[in-house]
Amino acid sequence: MPFEKQPCVYILASKPFGTLYIGVTSDLVARLWQHREGAIESFTKRYAVHRLVHFEMVDTMETAIRREKQLKNWHRDWKLNLITRGNPDWCDLAIDLGFEPLGSRETPTGP
């Protein structure tokens, strides 16, 4: 299933139930590479938030941006429930997109 150049809202986590980051992109694979490689000085680099735990592909960037804003306004518990409903073990979904597993320093340790 190709994911390049399709609007998407995504959630990264530092570990299960850890620090969260919500973003939007038109190229999920390229954006994940940037996060994981620390290619850009950012929140995700500073706090090692690299585990893809949730994403939603949508039809337009406008829809993605609207959804991103909605999720950012949610209470933390709502975000945790959204992730847990679709990814109960908080697996790194980036592996299914061709990425290597994260290093041992970022291995999940539980809530």
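The values are calculated or read from the model by the stated rules, or taken from the named source; none is laboratory data. Everything quoted here is computed from the prediction, not taken from an experiment. Every residue, glycine among them, receives a Cβ derived from its backbone with ideal geometry; neighbour counts consider all protein chains shown.
Selection of the range 1-42 for residues being assigned to a strand (DSSP E or B), of a type outside the set (S, T, N, Q) and touching a Lys or Arg at 6+ places or on another chain (Cβ under 9 Å) yields 8, 9, 10, 11, 12, 13, 20, 22, 23, 24.
Against the criterion of being surrounded by fewer than 15 Cβ atoms within 10 Å (Cβ to Cβ), out of contact with any Leu (no Cβ under 6 Å at 6 or more places or on another chain), at pLDDT 95 or above and β-branched (Val, Ile, Thr), residue 40 does not qualify. Restricting 26, 104 to residues that are modelled with pLDDT of 95 or more, surrounded by fewer than 16 Cβ atoms within 10 Å (Cβ to Cβ) and of a type in the set (S, T, N, Q) narrows the list to 26. Scanning the range 83-96 for residues that are surrounded by 15 or more Cβ atoms within 10 Å (Cβ to Cβ) and either over 19 Å from residue 48 (Cα atoms) or among the acidic types (Asp, Glu) (or both) yields 84, 87, 92.
Apart from one condition, residue 45 fits all of (1) within 18 Å of residue 95 (Cα to Cα); (2) part of a helix (DSSP H, G or I); (3) not aromatic (Phe, Trp, Tyr); the exception is (1).
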